[in-house]
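The values are calculated or read from the model by the stated rules, or taken from the named source; none is laboratory data. Note that the coordinates shown come from a computational prediction; the quantities given were computed from them, not determined experimentally. Cβ sites come from the backbone with ideal geometry, for glycine too, and all protein chains shown count toward neighbours.
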Amino acid sequence: MAKISVIGTGYLGVTHAVCMAHLGHDVIALDTNAEKIAMLQSGQVPFHEPGLTELLEDTLKSGRLTFTTSFADVAANADIHFVCVGTPQQVDSNAANMSQVNSAVAQLAEHLASPAIVVGKSTVPVGTAQRLHSELVSKSPAGSGVHLVWNPEFLREGFAVQDTLHPDRIVLGVTSSEDAQRVADVYAAAIDEGTPVVVTDYATAELVKVAANAFLATKISFINAFADLADATGADITQLADAIGHDTRIGRRFLNAGVGFGGGCLPKDIRALQARATELGLADTFEFLTHIDAINQSRRDTIVERAVIALDGSLHGKTVTVLGAAFKPDSDDIRDSPALHIAQELADAGAIVKIHDPAALPVLSTKTHNLQLCEDLESAFDNSDLVLHLTEWKEYRALDPNALGDRVKSRIIIDGRNVLDRDLWSSAGWSISYLGRPGS
């Protein structure tokens, strides 16, 4: 088993550290935030991810997982170092903010006095790995004994433990087969299960993640554009998606029309890709990503417009119940969340907005907003003039529209995820409408 360090204890870093320790490796995880380290040492995960807290507790008890704020500790206790820090969008441009990656690599390099492998997992602009490789060699005491491998992550929030322990592929960008083998050994359990390994160069490895996210974003915005066409013509977008999804060249996954994508990956990754392509002289070629982004953002405006129409042209003083705050179910991540964006737009326009989410309310409570947070799901419906279903939690699909009908002022619901049972809600006296589907 390997001696591993994980630099950064955000969503990616914590998940990777815990899962690697679960597989039997000795893992030391680092973050410069002492408060976060203390929380993790006590067995608390600072975000919602199914199954991760239990694994954290088990690996802490086993002694295979420890935490630190010292790069010296990391260098002394590991010889394979995974860099898992964030690359958020820059405040003043679409480009990725590389400050965390640059800082982590620079601080780690100072302490690498013995041969080591640094493994980049962060999503970065193509060309970054080659630059970091040169910096590690020039700045590390061990010099050319420090090697770099690029190993992009493909985690889905809500399934991160499964995706780490049982990945659908492992990509390794390397300069030598020996480096590829050493990092592949870390993933031996998954490889033994049949997980394919793609060994390639730095640039290809960097592009794999952003290419995948750009493709998924394109697929989502494609079906949402057709949802608008379906609304204009009376077609049913769900049946359309089913029909074209039977074509194996297209597939059915990610063809669900709705309020669009959000979160901390797809939006910023497609913008960063476009920014990098522009730097490389390919602005026109990748202009399509601007349209993908615009279609996605327009879905939020569509829901707000539908809400205004449903409330007879005025939001002022009307009570709107919003089901969902996180950008997706099984997560408390509110970054670039369509649901939260829509809720805030309605509140800013004068509506009384009551919002419920099974996991994200504690995160919301730390933010400045003018939303009413409802911990009890059924009471969130009290005196509501309109209900919006915006995050596809299973709890919402299991609601009893008959019982809830007695709580609201008006039995009107807009299903922004196109999954609620039309017959069930209509038979309970609700007017239910969808995006790209004929309503009740």
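Descriptive notes on the structure:
- Checked against the criterion of being of a type in the set (Val, Ile, Thr), surrounded by 20 or more Cβ atoms within 10 Å (Cβ to Cβ), more than 18 Å from Ala72 (Cα to Cα) and at pLDDT 95 or above, the candidates Thr15, Thr9 yield just one match: Thr15.
- Verdict on Val161 being more than 15 Å from Leu108 (Cβ to Cβ), touching a helix residue (DSSP H, G or I) at 6+ places or on another chain (Cβ under 9 Å), buried (at least 22 other Cβ atoms within 10 Å of the Cβ) and at pLDDT 95 or above: no
- Selection status of Ala349, in the same structural domain as Gly258 (by TED's automatic domain parsing) and more than 17 Å from Arg306 (Cβ to Cβ): no
- Criterion (touching a Pro at 6+ places or on another chain (Cβ under 8 Å) and not in a strand (DSSP E or B)) met by exactly one of Thr366, Thr391: Thr391
- Cβ-Cβ under 7 Å pairs, at least 6 apart or on other chains, the range 368-389 side in the same structural domain as Gly260 (by TED's automatic domain parsing), far side of a type in the set (Ser, Thr, Tyr) and surrounded by fewer than 16 Cβ atoms within 10 Å (Cβ to Cβ): Leu373/Ser365
- Considered as a group, the residues in the range 329-340 that are assigned to a loop (DSSP other than H, G, I, E, B) and in contact (Cβ under 8 Å) with a residue 60 or more places away in the chain include one that is surrounded by the fewest Cβ atoms within 10 Å (Cβ to Cβ), and that residue is Arg335.
- Against the test of being touching an Asp or Glu at 6+ places or on another chain (Cβ under 7 Å) and surrounded by 15 or more Cβ atoms within 10 Å (Cβ to Cβ), the options Ala428, Ala343, Ala326 yield a single qualifying residue, Ala326.
- Number of positions in the range 84-136 that are closer than 20 Å to Leu280 by Cα and of a type in the set (A, V, I, L, M): 7
- Asn213 vs. criteria crowded, with 17+ Cβ neighbours inside 10 Å, out of contact with any Pro (no Cβ under 6 Å at 6 or more places or on another chain), within 23 Å of His389 (Cβ to Cβ) and touching a residue at least 40 places away in the same chain (Cβ under 8 Å): no
- Residues in the range 219-270 that are of a type in the set (S, T, N, Q), closer than 17 Å to Asp415 by Cα and over 26 Å from the mean Cα position of the chain (by Cα): Gln239 only.
- Of all residues in the range 187-210, those that are in contact (Cβ under 8 Å) with a residue 40 or more places away in the chain and surrounded by fewer than 16 Cβ atoms within 10 Å (Cβ to Cβ) total 2.
- Matching residues, the range 275-285, being farther than 16 Å from Ser93 by Cα and of a type outside the set (A, V, I, L, M): Gly281, Asp284, Thr285
- Taking each residue of the range 282-308 that is free of Cβ contacts under 8 Å to residues at least 12 places away in the same chain and looking for partners that are assigned to a helix (DSSP H, G or I) and hydrophobic (A, V, I, L, M, F, W, C) with beta-carbon atoms closer than 7 Å, six or more apart or interchain, yields Ala283/Ala277; Thr285/Ala277.
- Test for Glu57: is it more than 25 Å from the chain's Cα centre (by Cα) and not assigned by TED's automatic domain parsing to the domain that holds Thr366: no
- Odd one out for Tyr396 among (1) among the hydroxyl-bearing types (Ser, Thr, Tyr); (2) touching a strand residue (DSSP E or B) at 6+ places or on another chain (Cβ under 7 Å); (3) not in a helix (DSSP H, G or I): (3)
- Check on Thr175, in a loop (DSSP other than H, G, I, E, B), touching a Cys at 6+ places or on another chain (Cβ under 8 Å), polar (S, T, N, Q) and assigned by TED's automatic domain parsing to the domain that holds Asn94: no
- Selection status of Arg411, in the same structural domain as Gly258 (by TED's automatic domain parsing), under 19 Å from Gln239 (Cβ atoms) and without any contact (Cβ under 8 Å) to a residue 24 or more places away in the chain: no
- Among residues of the range 113-148 being under 18 Å from Thr87 (Cα atoms) and assigned to a strand (DSSP E or B), the one that is nearest to the chain's Cα centre (by Cα) is Gly120.
- Of note, Glu178 satisfies the criterion of being more than 20 Å from the chain's Cα centre (by Cα) and either without any contact (Cβ under 8 Å) to a residue 12 or more places away in the chain or buried (at least 20 other Cβ atoms within 10 Å of the Cβ) (or both).
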